[in-house]
Amino acid sequence: MTILLIGGSPSATSRTGCWLEDIRTRLARQGQHVETLHVRDLPAEALLHADFKHPDILAALQKVELATAIIIATPVYKAAYSGLLKTFIDLWPQFGLRDKVVLPLASGGSAAHTLVLDYALRPVLASLAPKQVLDSIYAVEEQIVWSDESGLTLAPAIEQRVQNGISDLIRALIPLQHPRLSKLQQALPA
Ligand SMILES: Cc1cc2nc3c(=O)[nH]c(=O)nc-3n(C[C@H](O)[C@H](O)[C@H](O)COP(=O)(O)O)c2cc1C
């Protein structure tokens, strides 16, 4: 069972990329199998020309297909998620999130776009038929600070939301990890 972390920032020194890396470490510490995919590492030509047959695109699509859960992180660009991320999502099959649990994250320069994940990305994710899209987490730049000395520091409010998001994700995965147990629970009287 794999949790795939998808980074949608074009920036090599991405804030959302550091955020994902921090989450990767937390999940790995809990014994989860985690993989990371930064869309900017995929061939630009293949993304722009929707070259489904490019081997790197095929490999990336397979990672999405095999993942049980996806944590998707994007910077806010022009009041929406990044165009880079969209070039990749556009290559997914129509129901490419079937049976998957998704946790969306975004960072932006301004609190004015706090709802960006809910009005822009969530409808796109919902159209791909996920099992569940968890509560989104939005942070402004000041709430995610990286330094070479102390690594990543999250503002307390974001730290709490990340902890809740990870707990919700793990909880949502239990019935997928133990389908027989979950059927038994459903059969029990409330
Ligand atoms: C081209 C561009 C457009 C942006 N547009 C917005 C925006 O509309 N609203 C906002 O809050 N921040 C905007 N920002 C700020 C980024 O969302 C913010 O710096 C984010 O933390 C960057 O994340 P990253 O380092 O992972 O790329 C924009 C930044 C760039 C480079």
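The values are calculated or read from the model by the stated rules, or taken from the named source; none is laboratory data. These numbers were taken from a predicted model, which means no experiment stands behind them. Protein only, heavy atoms only, side chains kept; ligands, DNA and RNA dropped before computing areas. Shrake-Rupley method; radii C 1.70, N 1.55, O 1.52, S 1.80 Å.
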### Task
Compute the relative contact order of segment 10-146 as a whole-number percentage, counting only Cα pairs closer than 8 Å that sit 6 or more residues apart in sequence.
24 percent
### Message
Against the 2.2 N^0.38 Å scaling, with N counting residues, where does segment 2-187 land? I'd like the Cα-based Rg ratio to two decimal places.
### Response
1.01
### Proximal aspartates and glutamates to Lys53, defined as alpha-carbon separation beneath 16 angstrom and excluding residues fewer than eight positions away on the same chain
Glu45, Glu65, Asp90
### Query
By accessible area of protein heavy atoms, probe 1.4 Å, what ranking do Lys53, Lys100, Lys78 get, highest first?
Lys78, Lys53, Lys100
### Task
Enter the Cα centre distance for the pair segment 40-62 and segment 138-176, rounded to the nearest angstrom.
29 Å
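If you count the DSSP beta bridges with both ends in segment 1-86, what percent of them are antiparallel, to the nearest 5?
10 percent
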### Message
Less than 21 Å apart at the alpha-carbon level, and either on another chain or at least 8 residues along: which lysines does that give for Lys78?
### Response
Lys86
### Query
At a 1.4 Å probe, what is the % contribution of carbon and sulfur to the accessible area of segment 59-128?
59 percent
### Task
Return the long-range amide H neighbours of Tyr81 (sequence gap of 5 or more, or a different chain), with a cut-off of under 5 Å between placed amide H atoms.
none
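Roughly how many Å² is the accessible area per residue of the chain, as a whole number, for a 1.4 Å probe? Don't skip to the answer; put the middle values down first.
Values: 10050 Å² over 190 residues.
Per residue, the chain has an accessible area of 53 Å².
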### Task
Please figure out what share of the DSSP beta bridges in the chain is antiparallel and state it in percent, rounded to the nearest 5.
20 percent
### Query
Which lysines does Lys131 reach when only Cα atoms under 20 Å apart count, and residues fewer than 8 places away in its own chain are ignored?
Lys63, Lys100, Lys183
